[in-house]
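All remarks here apply to the structure that follows.
FYI, it's all coordinate maths here, none of it is from the lab. Source: prediction; values computed, not measured. So basically every Cβ, Gly included, is an ideal-geometry build from the backbone, and we count neighbours across all protein chains shown.
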Number of protein chains: 2
Amino acid sequence: MKAKKYVVKNYFKGLPKREDYELVEYELPPLQDGEILIKTEWISVDPYLRAYNSSNKIPYDQFGFQVGTVQESKNPKFPVGAKVVTHKGWCDYTIAKEGLEDRFSGYIYKLPNLDGLSPSLAIGAIGMPGITAYYGFLDICKPKAGETVVVTGAAGAVGSIVGQIAKIKGCKVIGFAGSDDKVQWLEEELGFDKAINYKTADVSKALKEAAPNGVDCYFDNVGGEISSIIINQMNTYGRVSVCGSISAYNEDASKLPKATILQPALVFKQISVRGFLIWEWFDGKKEVEAIAQLTQWIKSGQIKVKEHVTKGFENLFDAFIGMLAGENTGKAVVKV
Amino acid sequence: MKAKKYVVKNYFKGLPKREDYELVEYELPPLQDGEILIKTEWISVDPYLRAYNSSNKIPYDQFGFQVGTVQESKNPKFPVGAKVVTHKGWCDYTIAKEGLEDRFSGYIYKLPNLDGLSPSLAIGAIGMPGITAYYGFLDICKPKAGETVVVTGAAGAVGSIVGQIAKIKGCKVIGFAGSDDKVQWLEEELGFDKAINYKTADVSKALKEAAPNGVDCYFDNVGGEISSIIINQMNTYGRVSVCGSISAYNEDASKLPKATILQPALVFKQISVRGFLIWEWFDGKKEVEAIAQLTQWIKSGQIKVKEHVTKGFENLFDAFIGMLAGENTGKAVVKV
């Protein structure tokens, strides 16, 4: 049978361009033992798809998390009709097999029981982005009740969950986002104590007003000058979790931007900074724990989830570019 | 009796100036119970004297570590003739008392038995700088044998000890310093595997050649662009200990320089960065442990010590400025 997939043909220069992708139609081979045929239903677009472009050999199939339904199966663990999460990315049908040498190609698990929640959450708040928020914030920032937490990219898939987990843990939460609508959503719907539009505010001044006692934890999704400003307002023994640097993802790695140096603040405030990739925590058990906790928080209403849904397999590229430009509030997903 | 001390009258602008200091002669009061009168013999000049200027209320007595001999005593712990280390700074005679509210004014301890080594080492390799190297490197970088360690400010009081401890721990050690003489000393006398003159070398290229397998630990004394370059060449799970940022100490805190952002490297290499002040480790026991180990290493020849000695109480200011300009190889001290 025929399948379609997006192949990345070029190394991106700046923002990815439509012509960097080729939509390829090809014939799927018959299933081998252990394999399953998946029909894709939801596809995730995330910042790391941009960031990892340069470390892959072109051409490559555009990877990414997706949810689909098993159509044919030669693996009893994943029977026909089962919903599965894989890292098979931008394709309408695909063949998957567990435990391949390439960790991500071989990544596959059965959707946990979401009790009526949308399966799309399995690639969002109850999937990689949610798990990223959970461990990246809790294990690295080690927040204590009463502390002040700052999140950048606060209206994004990860940031919006981080802020709500911080509220659950009894922290004061300040979020930075890139539009007044996002700011309103963070404050009015998600319960952030304060949200600030970094595009229009004097970031340093606004943060001093919002956090007069200084910042204890900083969850950094963006990098760049805003992060320098925030780190310079941190308290002694502050903790910084560096999840991403979307502000620089469209830059040539050899021409990264400059920002105010961090070292004086790091020394005099004895600050810890830890960059991380969520795969560190993927050991087969920890993901399950995080998923269970996140699911419970969502069901109880303690975490609210918003998705920015783009419809149509043919609109994947636009959804990706829109996410990189910050058009999404909440998790950007594509419904095939 | 009369005593002399240097008083800081101004907040420094850029490099400290001679007129920012006033040499004050004054009458010492009679000793009270618990107090001792010290005649200063050795005074330390260190980068943090510059860095802490803005956080003190002017005018203030120029603090700093010093070694002296007890001349009069109303404290049986410190009898006449005993050598003591205090933080009393730039003065020829001073009265000291233990355990004052101000932790540093009240800092005083009896010189350990140095078995014939110069008492000046108690404000250098066997004092605060040595202890800084010991814990700042071992506890934060957690070096493993075979790993590659980079040190900036490598010919300074702290950096030169860090590099030698790294060699003792079986690491490959690369040092950056600011003159060919320092480079030669590091390679030929201290046993660094490679030393690089950052003022004349292409830092990125030289480091790639010296560390073709990447950098595992980085002990940062300087901050700024060189640190960005080094961190961008670190391996997965690299550890950075940020001890100082001398490259920025003469800058106005509100106008810190910019350097290439660190966040992309921190994320993709899952790097930990920890700024520290050595006081964290000062608990009355840990200093003693470090001093004992450093003394043993120095006596056994595993750590070589060099001092850059300026003679004369009247030359303290010049010694300080010279140290900030990098004129010293090894520990800068003043012999009164």
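Using a 7 Å projection from Cα along Cα-to-Cβ, the label point at A:K205 is separated from the same position in the remaining copies by 4.6 nm, smallest value first. Cβ crowding within 10 Å, taken as a proxy for footprinting-reagent exposure, orders A:V80, B:V334 from fewest neighbours to most as A:V80, B:V334. Cα gyration tensor of region A:177-336, axes a ≥ b ≥ c as square roots of the eigenvalues: rounded (a/c below 1.5), prolate (a/b > b/c) or oblate? It is rounded, given that a/c, with a ≥ b ≥ c, falls under 1.5. For region B:34-182, the relative contact order comes to 18 percent (Cα pairs under 8 Å, sequence separation of at least 6). Here the 3J(HN,Hα) profile of region A:324-330, calculated from phi with Karplus coefficients 6.51, -1.76 and 1.60 at θ = phi - 60°, is 5, 8, x, 6, 7, 10, x Hz, Gly and Pro shown as x. This model, with +1 at the C-beta of Lys and Arg and -1 at the C-beta of Asp and Glu, gives the protein assembly as shown a dipole about its Cα centre of some 440 debye. Kindly identify region A:167-207 as rounded, prolate or oblate by the Cα gyration tensor criterion: order the square roots of the eigenvalues as a ≥ b ≥ c, call it rounded if a/c is under 1.5, otherwise compare a/b with b/c, prolate if a/b is larger, else oblate. The shape class here is oblate. Classify region A:131-218 from the C-alpha gyration tensor, please: rounded if a/c falls under 1.5, else prolate or oblate depending on whether a/b exceeds b/c. Taking the square roots of the gyration eigenvalues as a ≥ b ≥ c, region A:131-218 is oblate. Among beta bridges identified by DSSP and lying wholly in the protein assembly as shown, the antiparallel ones come to about 55 percent.
Just checking the listed ones, B:L256, B:L294, B:L324: in the Gaussian network model of chain B with Cα springs under 10 Å, the one fluctuating most is B:L256. Within region B:2-159, DSSP assigns beta bridges of which about 95% are antiparallel (rounded to the nearest 5). With a 10 Å cut-off around each Cβ of A:267-280, the average count of Cβ atoms from other chains is 6. Cα centroid separation, region A:65-110 to region A:1-38: 15 Å. Considering only DSSP beta bridges where both residues belong to chain B, give the percentage that are antiparallel (nearest 5). The antiparallel fraction comes to roughly 55 percent. Dipole check for chain A: with +1 at the C-beta of Lys and Arg, -1 at the C-beta of Asp and Glu, and the Cα centre as origin, the magnitude is about 460 Debye. Comment: the Cα-to-Cβ extended label point of A:F282, at 7 Å, lies 4.7 nm from its counterparts in the other copies, nearest first.
For region A:79-143, applying the loop criterion from DSSP together with a ceiling of 16 other beta carbons within 10 Å to the trypsin sites (Lys or Arg not before Pro) yields A:R103.
Springs between Cα atoms under 10 Å define the GNM used for chain A, and in it the highest mean-square fluctuation of A:T295, A:T86, A:T260 occurs at A:T260. By the Cβ distance rule of under 4.7 Å, chain A has these cysteines without a partner: A:C91, A:C171, A:C243. Counting lysine pairs in region A:50-145 whose alpha carbons fall under 27 angstrom apart, excluding pairs fewer than 8 residues apart on the same chain, gives 14. The string of couplings for region B:157-162 from the Karplus curve (6.51, -1.76, 1.60, θ = phi - 60°) is 4, 7, x, 5, 6, 4 Hz, one whole number per residue in order, with x for Gly and Pro. State, to one decimal in nm and shortest first, how far the label point of B:G99 sits from each corresponding label point in the other identical copies (label point: 7 angstrom along Cα-to-Cβ). Distances to the matching label points in the other copies: 6.5 nm.
When chain B is treated as a Gaussian network with alpha carbon springs shorter than 10 Å, the biggest mean-square fluctuation among B:P47, B:P16, B:P212 belongs to B:P212.
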